[in-house]
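Report on the structure given below.
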Amino acid sequence: MLKSFSMKLTNADVSLWLIALALYALAWFALRRMSCAASHSARLHALRAAQDARTDTTYVGYIGLATIGFFWRVLFAGAFVPAGGGDMAAILYPIYHFAQENLRQGIIPLWNPHLYAGIPFVGHIQSGPFYPPNLLLFLLTPEVTYRSLEYLLIAHFWLAGVLMYVMLRNLDGRRQTADGSDLSAVHRPPSTVQLSRPAALLGALVFMFNDFNLTHIGNPNMVAVGAWLPLALLLFHLALARRRMFYAMLGGAVTGMAYLAGHIQPFLYILFAVGLYALYFVLTADSRRQTADRQPPSVVRRLSSIVLRPISYLLAFLAFTVLIAAISLVPNLEMSAQSLRESLTYADAAAFSLPPAQMVGLFVPGLFGRGPDIHWGPWERVEVGYVGILPLILAALALMWRRERTPRFFVLLALVSFVLATGLYGVVHGWLFLIPGYSQIRVPARFVFLLDFAIAALAAYGFDTLLRPLPLRLRKAWRNVFPVLALTLAAVVFVFIPLMFVAVALNQSQDVSIFNRTANGFNGVVLFAILLTASLVLLLARRTRWLSWRTWTVAMVVFVFADLASLGAYLDMGESDPTANFNHPQAVGFLRNDHDPFRIETPEDSWFQWQPNLGLVAHLDDAAGIYNPLLLQRYARYWHAAIGRDNVLYDLLNTKYLVVKKDEKVGAKFTLAFDGDPSVNIWQNQNALPRAFMLYQSKFVKSADEAFDAITSSGFDPQQTIVLETADGERRTANGGPSVVKFKSRGTNFVEYEVTSSGEGYLFTGDTYYPGWRAILDGIEAPLLRADYLFRAVKVPAGNHEVELIFDPLSWKVGVAFTTLGVIGLLVGGWLNRRNITSAGRPPTRKSARHV
């Protein structure tokens with residue numbers, strides 16, 4: 001059996017899934033044993049809890065089966081997502097490989113010495129080394145592979161569904177009776193009954209396979225952060241509903257942990273949703289509620305209950321979000337302040353807005369081409385928010401029928417997120433740009449994540465209503481739904497489909513790309529008609545009772561999954577290994593034979609042959625790397641001046657080798673060094689300067705601009721003069737003769753030199769200067785200077801010396817301290833909460849009973 005999968009799944013892959021299945025089965029049977037062992041008299045509560053948990057575990061299993069069915073080609077047929085690898089191959093795979101390699105050696109990788117002449121690693125938000133699932137992956141697997149990243153992605157799709165199911169089951173109402181039946185309370189008003197399991201399952205499927213997740217299937221860190229939104233919102237809701245501060249603290253901790261997965265936008269969306277919910281809760285609070293003695297509460301008590309308590313819970317939520325995330329958040333903020341994000345304009349932030357015309361994608365996602373290869377709209381490809389046809393209808397029913405407080409919040413969230421997703425097409429998004437944090441994120445269209453989340457919840461509420469006998473006031477409205485749907489279907493079938501058919505026929509003689517676009521649009525409209533027809537048939541089956549309740553319920557859930565899987569499962573999938581261009585054993589072997597420190601460079605037009613971030617996997621230093629929005633501003637400015645390759649700035653970066661595709665032409669300063677790789681050649685830069693050397697002539701400048709002007713001037717010679725930034729600008733010349741600089745050792749967060757100098761001068765090191773680097777000269781701390789605008793320097797006296805540079809940033813220490821404080825605070829809060837619950841459940845003593 002295993003041999004048939006030998007080319008698709010390794011034994012480790014099969015073992016992983018067998019272990020996961022065994023753990024799930026163990027949990028299910030343990031819960032079943034608990035329910036069977038419970039006594040109907042003394043342990044009735046335990047019986048109910050065990051039966052509920054066992055049934056919910058079964059539904060969690062259904063979510064797992066849906067996940068496996070959606071990704072079956074990846075799990076069992078050797079396919080890859082996304083096609084070409086996207087950011088998962090180009091960015092996350094080498095980053096996670098580097099993180100795992102260091103962590104398994106007991107090294108916390110604070111610095112990345114291999115890319116961009118050195119750049120913070122923990123300070124880069126996408127590194128994600130402290131996110132618990134990432135840590136499990138790093139510590140439990142021998143080596144991070146692309147497949148393991150795909151499994152991590154798939155696991156978070158499943159997690160998103162499970163947490164959405166948990167949220168929908170616990171937002172409203174009371175639990176059902178001991179038999180676990182969802183029909184035991186069908187005659188109660190919907191607002192007093194817990195959302196049914198099938199409805200929660202449907203909402204979970206809609207959320208986990210929403211268009212945001214599918215569009216960013218190559219960004220598992222985005223999917224991972226977004227997966228925690230339902231749990232964060234649920235915990236904050238429970239804090240407000242049960243008046244327990246600990247739930248707000250726990251919700252903040254969950255959000256802080258989600259931040260550690262490594263993407264700022266979904267994290268800010270979680271904060272936005274929770275903040276909007278707190279505001280909604282305040283604005284919709286019932287100020288007429290009476291106290292226990294049936295007297296109207298005082299103004300102070302109303303103010304405390306309606307305003308102050310929600311605000312205090314929100315502050316606790318935000319505080320623990322910051323504390324738990326601080327281990328990455330504080331270094332991230334330090335790096336962000338010096339990165340290209342800091343200078344983001346509103347025009348940059350509003351790029352990739354959702355055009356109003358693109359909203360047709362909610363119904364016909366393929367009209368403008370949904371996948372990356374066939375998109376043809378006159379705007380950038382963005383998320384269209386598709387969540388299925390039947391869920392949209394169910395959400396509309398919830399909008400019309402459900403008058404409770406919670407469904408109305410999801411209506412508000414959907415409206416606000418839609419307006420914000422349109423970005424520069426509306427004025428509201430510009431107001432959000434004024435809020436700290438939101439001013440540094442791009443792609444407003446990604447707000448469809450919250451739109452899809454709200455639609456998924458509303459679809460669950462709409463389905464839940466249909467699972468119960470409809471009250472008299474809704475029956476007439478229910479009958480009016482069918483003429484509207486029938487008219488819509490007739491318009492599509494008799495108007496739009498013929499028009500699209502004529503367009504396809506007329507474009508047969510046009511350019512093939514035009515014909516393909518028209519044909520894809522035609523196919524999308526026909527598919528919409530089919531899905532709308534099937535939705536109408538299923539709803540008619542509910543009204544006419546063609547099917548039994550159980551059969552109809554299953555059919556509705558299965559149809560929603562089939563809709564989402566059919567239009568999304570193969571959307572961005574390929575058959576070729578996305579990490580193939582990491583595999584260059586001959587070329588890497590040649591480069592490693594050069595034992596002197598050096599850097600390589602790979603032009604952008606050769607990235608398909610040689611991954612620009614390969615240095616993190618092959619232990620090679622690169623002068624650049626793939627596009628990085630958090631690139632340090634100084635480095636970006638320096639690299640822009642050096643990229644011509646015919647200047648001393650390029651040579652000063654220690655760029656000794658140029659890796660290009662076979663037919664690429666290079667400048668006269670390069671000589672062919674290696675051509676034994678089938679896809680790339682390696683050329684040597686004859687003018688490359690050493691990584692570190694001594695200088696005795698210095699020029700002092702007062703600002704960064706002066707330093708940049710000095711190194712870009714025509715007479716600048718980096719082998720003769722070092723440019724240093726100080727408060728007082730001057731020029732100094734010292735006597736110095738021959739010097740020797742040797743690398744003693746180097747690692748992720750440090751580098752050591754042995755220096756022999758004939759006079760007092762400056763040790764120049766061609767690595768990026770950044771706050772947190774310290775210089776140790778012969779065991780004594782020495783000032784570390786910023787040299788030649790970008791690099792580091794240490795003043796060294798004459799003689800033999802040892803110089804050690806250590807990356808020991810204060811931001812990292814502060815972040816660790818805050819996170820430790822957050823964990824301690826969470827443990828204390830949990831203990832106090834448990835103590836209060838226990839105290840509340842105790843019977844009154846004799847003394848206290850006399851006063852009752």
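The values are calculated or read from the model by the stated rules, or taken from the named source; none is laboratory data. Quantities reported herein were computed from a predicted structural model and do not represent experimental measurements. Note: ideal-geometry Cβ built from the backbone for every residue, glycine included; neighbour counts use all protein chains shown. Ligands, DNA and RNA are excluded from the accessible area calculation, which covers all protein heavy atoms including side chains. Shrake-Rupley method; radii C 1.70, N 1.55, O 1.52, S 1.80 Å.
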Q.
Take the residues in the stretch 748-764 that are under 39 Å from the mean Cα position of the chain (by Cα) and β-branched (Val, Ile, Thr); name whichever of them is nearest to Val794 (Cα to Cα).
A. Val751
Q. Does Asn687 satisfy the condition of being open to solvent by 60 Å² or more (accessible area, probe 1.4 Å), part of a loop (DSSP other than H, G, I, E, B) and polar (S, T, N, Q)?
A. yes
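Restricted to the stretch 810-820, and to residues that are polar (S, T, N, Q) and surrounded by 21 or more Cβ atoms within 10 Å (Cβ to Cβ), which residue is farthest from Leu689 (Cα to Cα)? Break it down into steps so the answer makes sense when it comes.
Taking the stretch 810-820 first, the residues polar (S, T, N, Q) are 811, 819-820.
Checking which are surrounded by 21 or more Cβ atoms within 10 Å (Cβ to Cβ) leaves us with 811, 819.
Details: Ser811: 33, Thr819: 43 Å.
Of everything passing the filter in the stretch 810-820, Thr819 is farthest from Leu689 (Cα to Cα).
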(Q) Report every pair of residues separated by at least 6 positions or lying on different chains whose Cβ atoms are under 7 Å apart, first residue within the stretch 453-471 and without any contact (Cβ under 8 Å) to a residue 24 or more places away in the chain, second surrounded by fewer than 24 Cβ atoms within 10 Å (Cβ to Cβ) and aromatic (Phe, Trp, Tyr). (A) Leu470/Trp478
Q) Taking the stated definitions as given, is Arg381 of a type in the set (Lys, Arg) and touching a residue at least 60 places away in the same chain (Cβ under 8 Å)? A) no
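Restricting the stretch 343-373 to residues that are part of a helix (DSSP H, G or I), open to solvent by 40 Å² or more (accessible area, probe 1.4 Å) and modelled with pLDDT of 75 or more, which is nearest to Gly430 (Cα to Cα)? Working first, answer last.
Restricting attention to the stretch 343-373, the residues satisfying the condition of being part of a helix (DSSP H, G or I) are 343, 346-349, 356-362.
Subsequent filtering for residues that are open to solvent by 40 Å² or more (accessible area, probe 1.4 Å) retains 343, 346-348, 356-357, 360.
Checking which are modelled with pLDDT of 75 or more leaves us with 346-348, 356-357, 360.
Numbers: Tyr346: 8, Ala347: 10, Asp348: 12, Pro356: 17, Ala357: 20, Val360: 24 Å.
Among them, the one singled out is Tyr346.
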Q. Given Arg468, Arg479, which one is under 23 Å from Ala398 (Cα atoms) and not in a loop (DSSP other than H, G, I, E, B)?
A. Arg479
Q. Here are some residues: Leu214, Leu276. Which one is out of contact with any strand residue (DSSP E or B) (no Cβ under 9 Å at 6 or more places or on another chain), in a helix (DSSP H, G or I) and at pLDDT 95 or above?
A. Leu276
Q) Exactly one of (1) crowded, with 16+ Cβ neighbours inside 10 Å; (2) over 28 Å from the mean Cα position of the chain (by Cα) is unmet by Thr671. Its number? A) (1)
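Here's the yes/no breakdown for (1) over 27 Å from Asn332 (Cβ atoms); (2) surrounded by 21 or more Cβ atoms within 10 Å (Cβ to Cβ):
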site	(1), (2)
Val740	yes, no
Lys744	yes, no
Val751	no, yes
Tyr770	no, yes
Ala775	no, yes
Tyr789	no, yes
Val794	yes, yes
Gly799	yes, no
Asp808	no, no
Q) Residues of the stretch 57-113 being of a type in the set (S, T, N, Q), in contact (Cβ under 8 Å) with a residue 12 or more places away in the chain and either open to solvent by 20 Å² or more (accessible area, probe 1.4 Å) or not in a helix (DSSP H, G or I) (or both), which ones? A) Thr57, Thr58, Asn112
Q) So which residues in the stretch 778-804 are more than 26 Å from Ser703 (Cα to Cα), in a strand (DSSP E or B) and in contact (Cβ under 8 Å) with a residue 24 or more places away in the chain? A) Gly799, Asn800, His801, Glu802, Val803, Glu804
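Looking only at the stretch 498-542, how many residues end up being part of a helix (DSSP H, G or I) and either touching a Pro at 6+ places or on another chain (Cβ under 6 Å) or among the charged types (D, E, K, R) (or both)?
Looking only at the stretch 498-542, we keep the residues that are part of a helix (DSSP H, G or I), and these are 498-506, 512-542.
This time we only want the ones that are either touching a Pro at 6+ places or on another chain (Cβ under 6 Å) or among the charged types (D, E, K, R) (or both), so: 517, 542.
Matching residues across the stretch 498-542 total 2.
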Q. What are the residues in the stretch 404-425 that are over 17 Å from Thr284 (Cα atoms), open to solvent by less than 10 Å² (accessible area, probe 1.4 Å), modelled with pLDDT of 90 or more and not polar (S, T, N, Q), if any?
A. Leu420, Ala421
